[in-house]
There are 2 protein chains.
Amino acid sequence: MENKIRFMRRACEIAFSRMGHTSPNPAVGAVIVKNGQIAGEGGTGPYGSDHAEVRAIKNAMSGNTGTDGAEIYVSLEPCSHYGKTPPCTEAIINSGIKKVYVPLLDPNPLVSGRGVRRLAEAGVEVEIMHQSSAMASDLLRGFKKYILRGEPYIINKCAMTLDGRIATSTGDSRWISSDYSRLFAHRLRSICDAIIVGKNTFVNDNPSLNVRFSDFNDEIKNFLKSGQTMISGRKNFLIEQLITSEHDSPKDPLRVLLGMPETVPADCNFTRDNNYIIISGRDEFENAISSSSELKKRAEGLNIVVGEFKTRAEQIVFIMDYLKGRGVINALLEGGAGVNGSFLDAGATDQFIYSIAPRILGSGLPPVNGEDKSAISESLRLNDITSVMLKEDVLICAYREQYNFEMM
Amino acid sequence: MENKIRFMRRACEIAFSRMGHTSPNPAVGAVIVKNGQIAGEGGTGPYGSDHAEVRAIKNAMSGNTGTDGAEIYVSLEPCSHYGKTPPCTEAIINSGIKKVYVPLLDPNPLVSGRGVRRLAEAGVEVEIMHQSSAMASDLLRGFKKYILRGEPYIINKCAMTLDGRIATSTGDSRWISSDYSRLFAHRLRSICDAIIVGKNTFVNDNPSLNVRFSDFNDEIKNFLKSGQTMISGRKNFLIEQLITSEHDSPKDPLRVLLGMPETVPADCNFTRDNNYIIISGRDEFENAISSSSELKKRAEGLNIVVGEFKTRAEQIVFIMDYLKGRGVINALLEGGAGVNGSFLDAGATDQFIYSIAPRILGSGLPPVNGEDKSAISESLRLNDITSVMLKEDVLICAYREQYNFEMM
């Protein structure tokens, strides 16, 4: 691999390792190269702290080589505006770095291109590496939607049988897919800011919705790392990273429950700490607490948001707005069929990651239950398809929108 | 590739090209090699005519080199018994061929190993090429079941959306998958002896159930041939051949309709020629003709088999027995959900070939509707999984039984 591409790839790997830790900032990675060697690295810190470029510069300054006359590879155009932190462009200019490589301009049309122009004006050479833009953009779809539309990016994940069932009619779903797929699913959780489930999932599964890498042994991890899994279709960098690497200190995403359950047991996994929210419509909430004095009492101690929505469409608008307010960029939608259907019908689902297990159930629940359609042509046509065999499961990743980052 | 493996592969390619033309005999291919060159080739003829070995010998005899001192590669152990034709072992012995390569012994335990022994006794060297047995067996699963259990081999094929729907609730299914997948499906038809559909498919789709290679243009054919489709999981030779090659003069399979429709329009595609059968239970048939005098009159001119079965399970036993009697080895089960479910519940489905299109429908019909199950552990676990991306569709092939031909 050409060195330039290798360094940019490394910057993107760092960006990936920061996903789930930086919202509402994008996860970015930076690599400083001097004399053909990596002299410093950095990824975006938690919101309010240093961005990737500044961290990489500090890292290089603490080493022997410093940054004077160095080059920097950044997985996204450096910012040029004053926010919580000073602009990265100024840090780069002040560091004596002579050349900046970026794969993409910022997706925010208000600032896109400004960072690059500021650098050029200050005499820093800039190269836009179009050959790496697909790779970098695979990590930034969420941020792009968040910035352009002011909404979280919704990834619908499920495990289903080959005949399209995510659970038996009685709600059993453990486990449809293999440990290989389940480890992948936990890694997917670790890069997301929130996980959304419906009432039935809450009632049937008592789900923890946390990141549990320790459930999986080395054989599973080594298999995924080994590259025995072959990616067909789009060589999706996000999917590749999810298969081969694992966050060092994963954060549990915000747990989001849609709907007001009839009971919320004191010992349920969902409310085990404060990192959750229950989102309910006004009527549903009033009905629930008026029919159970126990729930009414319990509700006072719970994180419940009551929204003034009536329809499923209004519900989704409310949720999206609420999650945006919490700084959620990437949200993982882990079903039930009804909740998945509501997001689909609202046009809110952006990405589908379905793991298909080699089983035929012959009955049970489908992954998505939305509005009835009379023609196949009314179905949602997906784009940029990737398929991967994780041992015996087939993972399919596809998007509502076609890749178009290179146009920005 | 080693020459031996190349010649055996060629024999298997010829075997593939004969599938659908030889039942109830297995489709076999033979290649005669002399001085390192192919001197003759042959595949099994229609039932009652020459087997592959005899055709290859005749082919070589008509050339310059003849067969004396030659070697023969056969995709299955040569037969040693007198049936419709004299045993192939004798033809080989008489031809002066000095060595026979086979990948597998015959799956019929009554004759397995006899051909090889007879050859050895007559001084012909025999080598069993275990390295090619997986490849050869991919073509012979159907014949194995037919011989061992006296039943046709059932391949359940469907095209579904990523959310597991094969049609809208109103029955629209045209087209879920792409032309690439549909050409593959027609090739699959061309190697089968029968196609089974249910009443709803008959009513909704007016299906022709024929092999229509001419529907697909060169771009589609060239893409499949190009090897741009990557096979993951089991390197299934049958799937590989279905993707890359096409029968020269495909035969339309026997059309099988399960159930008695309320009307059978005179101009429907299903009854356009004599190559069909309608299989109905006694009660269903009597009810249908007693409620329609028109159907009663029409029924006299139709190919209808009325069976004395009451339950769905009995229905499947009846159908399997009937198809066996017609010499059907490989039967393609093309759904509806109900019919697919009946075969699943009866334990009759042997292979699943599902094409998954990048679409989300959010409602509609599942591929299989069988008996309700309460636990995932009750699902049918499949084996020997292959996945292939045909452009944007993901094709998954999996089997009820694990590959075990090498044990024979």
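Checked across region A:362-384, the condition of being within 25 Å of A:Met135 (Cα to Cα), touching a residue at least 40 places away in the same chain (Cβ under 8 Å) and surrounded by fewer than 22 Cβ atoms within 10 Å (Cβ to Cβ) holds for at least one residue. In region B:104-116, the residues that are touching a residue at least 24 places away in the same chain (Cβ under 8 Å) form Cβ pairs under 7 Å with partners that are among the polar types (S, T, N, Q) and crowded, with 20+ Cβ neighbours inside 10 Å, at six or more places apart or across chains, as follows: B:Leu104/B:Ser133; B:Leu104/B:Ser137; B:Gly115/B:Thr89.
The strands (runs of 3 or more DSSP E) found wholly in region A:347-408 and carrying at least 2 residues that are within 7 Å of chain B (Cβ to nearest Cβ) and of a type in the set (Val, Ile, Thr) occupy A:393-399.
Every residue in region B:134-165 that is within 13 Å of chain A (Cβ to nearest Cβ) and within 30 Å of A:Leu380 (Cα to Cα), please.
Residues satisfying the conditions are B:Asn156, B:Lys157, B:Cys158, B:Ala159, B:Met160, B:Thr161, B:Leu162, B:Asp163, B:Gly164, B:Arg165.
Look at (1) within 28 Å of A:Glu240 (Cα to Cα); (2) crowded, with 24+ Cβ neighbours inside 10 Å and you find that A:Glu41 fails only one, number (2).
Summed over region B:1-22, residues that are outside any helix (DSSP H, G or I) and at pLDDT 95 or above total 4.
Beta carbons closer than 8 Å, at least 6 apart along the sequence or on distinct chains, pair a first residue in region B:128-147 that is under 27 Å from B:Glu2 (Cβ atoms) with a second that is of a type in the set (Asp, Glu) and in a helix (DSSP H, G or I) for B:His130/B:Glu406; B:Ser133/B:Glu406; B:Ala134/B:Glu406; B:Ser137/B:Glu406.
Restricting to region B:115-143, name every residue that is among the acidic types (Asp, Glu) and closer than 18 Å to B:Glu53 by Cβ.
Residues satisfying the conditions are B:Glu121, B:Glu125, B:Glu127.
The single residue among A:Thr168, A:Thr201 that is within 10 Å of chain B (Cβ to nearest Cβ) and of a type in the set (Ser, Thr, Tyr) turns out to be A:Thr168. The set of residues in region B:69-124 being part of a helix (DSSP H, G or I), surrounded by fewer than 24 Cβ atoms within 10 Å (Cβ to Cβ) and among the hydrophobic types (A, V, I, L, M, F, W, C) consists of B:Ala91, B:Ile93, B:Val116, B:Ala120.
A search for C-beta distances below 7 Å between a residue of region A:265-290 that is under 17 Å from A:Val203 (Cα atoms) and any residue that is among the acidic types (Asp, Glu), counting only pairs 6+ apart in sequence or on different chains, returns A:Ala288/A:Glu262. On the stretch given as region B:155-186, residues that are buried (at least 22 other Cβ atoms within 10 Å of the Cβ) and of a type in the set (Lys, Arg) total 2.
Taken over region B:385-408, the residue count meeting the criterion of being under 30 Å from A:Gly347 (Cβ atoms) and surrounded by fewer than 17 Cβ atoms within 10 Å (Cβ to Cβ) is 0. Residues that are in contact with a helix residue (DSSP H, G or I) (Cβ under 7 Å, 6 or more places away or on another chain) and either assigned to a helix (DSSP H, G or I) or among the aliphatic types (A, V, I, L, M) (or both) within region B:257-298 comprise B:Leu257, B:Leu258, B:Met260, B:Val264, B:Phe270, B:Ile279, B:Ala288, B:Ile289, B:Leu295, B:Lys296, listed in sequence order.
Sort out which residues of region A:246-267 are among the hydrophobic types (A, V, I, L, M, F, W, C) and crowded, with 16+ Cβ neighbours inside 10 Å, and write them in order of number. Once the filter is applied, which keeps residues that are among the hydrophobic types (A, V, I, L, M, F, W, C) and crowded, with 16+ Cβ neighbours inside 10 Å, region A:246-267 yields A:Leu254, A:Val256, A:Leu257, A:Leu258, A:Met260, A:Val264. Of all residues in region B:192-211, those satisfying the criterion of being surrounded by 19 or more Cβ atoms within 10 Å (Cβ to Cβ) and more than 11 Å from B:Val256 (Cα to Cα) are B:Cys192, B:Thr201, B:Asp205, B:Val211. When A:Asp321 is tested against the conditions (1) under 25 Å from A:Asn204 (Cα atoms); (2) more than 8 Å from chain B (Cβ to nearest Cβ), the lone failure is (1).
Can you find even one residue in region A:52-61 that is assigned to a strand (DSSP E or B) and over 28 Å from the mean Cα position of the chain (by Cα)? Reasoning before the result, please.
So in region A:52-61, the residues assigned to a strand (DSSP E or B) come out as none.
No: region A:52-61 contains no residue that is assigned to a strand (DSSP E or B) and over 28 Å from the mean Cα position of the chain (by Cα).
Hey, any hits in region B:231-241 for a residue that's polar (S, T, N, Q), in contact with a Lys or Arg (Cβ under 6 Å, 6 or more places away or on another chain) and under 30 Å from B:Arg10 (Cβ atoms)?
Among the residues of region B:231-241, not one is polar (S, T, N, Q), in contact with a Lys or Arg (Cβ under 6 Å, 6 or more places away or on another chain) and under 30 Å from B:Arg10 (Cβ atoms), which makes the answer no.
Restricting region A:306-346 to residues that are of a type in the set (Val, Ile, Thr) and touching a helix residue (DSSP H, G or I) at 6+ places or on another chain (Cβ under 6 Å), the residue that is surrounded by the most Cβ atoms within 10 Å (Cβ to Cβ) is A:Ile329.
Condition first: within 9 Å of another protein chain (Cβ to nearest Cβ) and not aliphatic (A, V, I, L, M). Now tell me which residues in region A:172-187 satisfy that.
A:Asp172, A:Ser173, A:Arg174, A:Trp175
Set side by side, the residues B:Glu151, B:Glu127 differ, and just one is closer than 30 Å to B:Ala30 by Cα, out of contact with any Cys (no Cβ under 9 Å at 6 or more places or on another chain) and part of a loop (DSSP other than H, G, I, E, B), which is B:Glu151.
The values are calculated or read from the model by the stated rules, or taken from the named source; none is laboratory data. Here the structure is a predicted model, which is why all the values come from computation and not from measurement. So basically every Cβ, Gly included, is an ideal-geometry build from the backbone, and we count neighbours across all protein chains shown.
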